[in-house]
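Structure incoming, see below.
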Ligand SMILES: [Zn+2]
């Protein structure tokens, strides 16, 4: 394969002379990062919106700097919280390193917010009227490598006889489209009420104002990652949405990851293999 520069875009020309657009150049960072890839702790942490990197070939996507570091591009604090929790638990974590504006890894690719054209009132110039081929390239270079990395980790643990709990970590903006959101942490769930109730009760005990399927509902089809990696295969799971002002600083990240560590440790200590069967039977 040969790389040809073309107005900031990279074009790969393969052997059969078919021209294929390429998103990431070889020296750019991987679409995902896996932490503790050899851990046998029965937990896989996933963070779909951890990063706000843009591939060089897309430039700024027509966005101002402040928009590129804002909640429309990244779940502020979610990556740091996932990393901190992974370290404390010595658990495996997979984090996406590119902005959700390139392709949203927590959506079905056919969802019209997978390549969002307007987010919280901001037009995304680089996403207007995308061609199918452009969407395919973004999916094949970021979306699927990230999801395949999660699959790899789940399979690795299953091969050891471990059915991991899938914990998806997001953060939400305190104000969206002019509406204040009072919850400090949301517990999102659909099929697995056992794991969700454990988090709901323990987060309330820790003094948080907790939203039960708020500010978003786990029953909504937009939580693709949990649907695809956990619900579809009967693994226990929970989605956590943490308000961004709680984790946009180091002390906040440390505080919440300490609390989550205690909750996950007591959950995994009480989880018996039979719970997996219980979760399957809920489907
Ligand atoms: Zn998110």
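To test your reading of the geometry: what angle, between 0 and 90 degrees and rounded to tens, separates the Cα axis of helix 144-159 from the longest principal axis of the chain?
Helix 144-159 sits roughly 40 degrees off the main axis of the chain.
Rank by packing, highest mean first: peptides 180-186, 97-103, 156-162, with packing defined as the count of other Cβ atoms within 10 Å averaged across residues.
Values: 180-186: 17.1, 97-103: 24.9, 156-162: 13.0.
Taking the mean over residues of other Cβ atoms within 10 Å, the ranking is 97-103, 180-186, 156-162.
Among bridges DSSP assigns within segment 25-281, what percent are antiparallel (round to 5)?
Values: 12 of 31 bridges.
Around 40 percent antiparallel, to the nearest 5.
Working from Cα positions, state the angle (0 to 90°, nearest 10) between the long axis of helix 193-205 and the longest principal axis of the chain.
That helix lies at roughly 70 degrees to the long axis.
Indicate the gyration tensor shape class of segment 98-218 (rounded, prolate or oblate), computed on the Cα atoms with a ≥ b ≥ c the square roots of the eigenvalues: a/c under 1.5 is rounded; otherwise a/b larger than b/c is prolate and the rest oblate.
Here segment 98-218 falls in the oblate category.
Using mean Cβ contacts within 10 Å as the protection proxy, how do 68-78, 86-96 order, highest first?
On the way: 68-78: 21.2, 86-96: 22.7.
Taking the mean over residues of other Cβ atoms within 10 Å, the ranking is 86-96, 68-78.
In the calculated pair distance distribution of segment 158-198, what percentage of Cα-Cα distances lie above 13 Å?
On the way: 555 of 820 pairs.
Value for segment 158-198: 68 percent of Cα pairs lie more than 13 Å apart.
Restricting attention to the alpha-carbon atoms of segment 118-171, what are Rg (one decimal) and Dmax (integer), both in Å?
16.6, 47
Please express the Cα-Cα pair-distance distribution P(r) of segment 198-275 as a list of whole percents, one per 10 Å bin, running from 0 to the bin with the greatest distance.
15, 43, 37, 5
What translational D, rounded to a whole number of µm²/s, comes out for the chain from Stokes-Einstein when the hydrodynamic radius is the Kirkwood one over Cα pairs, at 20 °C and 1.002 mPa s? Can you show the working numbers first?
Numbers: Rh = 19.5 Å.
My calculation gives 110 µm²/s for D.
Next up: For Cα pairs less than 8 Å apart in space and 6+ apart in sequence, what is the mean separation divided by the residue count of the chain, i.e. the relative contact order in percent? Walk me through the numbers before you get to the answer.
Details: 531 pairs, mean separation 58.3, N = 283.
In percent, rounded to a whole number, it is 21.
What shape does segment 160-242 take by its C-alpha gyration tensor, where a ≥ b ≥ c are the square roots of the eigenvalues and a/c under 1.5 counts as rounded, a/b above b/c as prolate, and the rest as oblate?
Numbers: a/c = 2.50, a/b = 1.52, b/c = 1.64.
Note, shape of segment 160-242 comes out oblate.
Further, regarding this structure: Expressed as an acute angle from 0 to 90° and rounded to the nearest 10, what is the orientation of the C-alpha long axis of helix 78-89 relative to the principal long axis of the chain?
Result, in degrees: 50.
FYI, it's all coordinate maths here, none of it is from the lab. Everything numeric here is computed off the predicted structure, so don't read it as measured data. Here the Cβ is made from the backbone with ideal geometry for all residues, glycine too, and neighbour counts use every protein chain on show.
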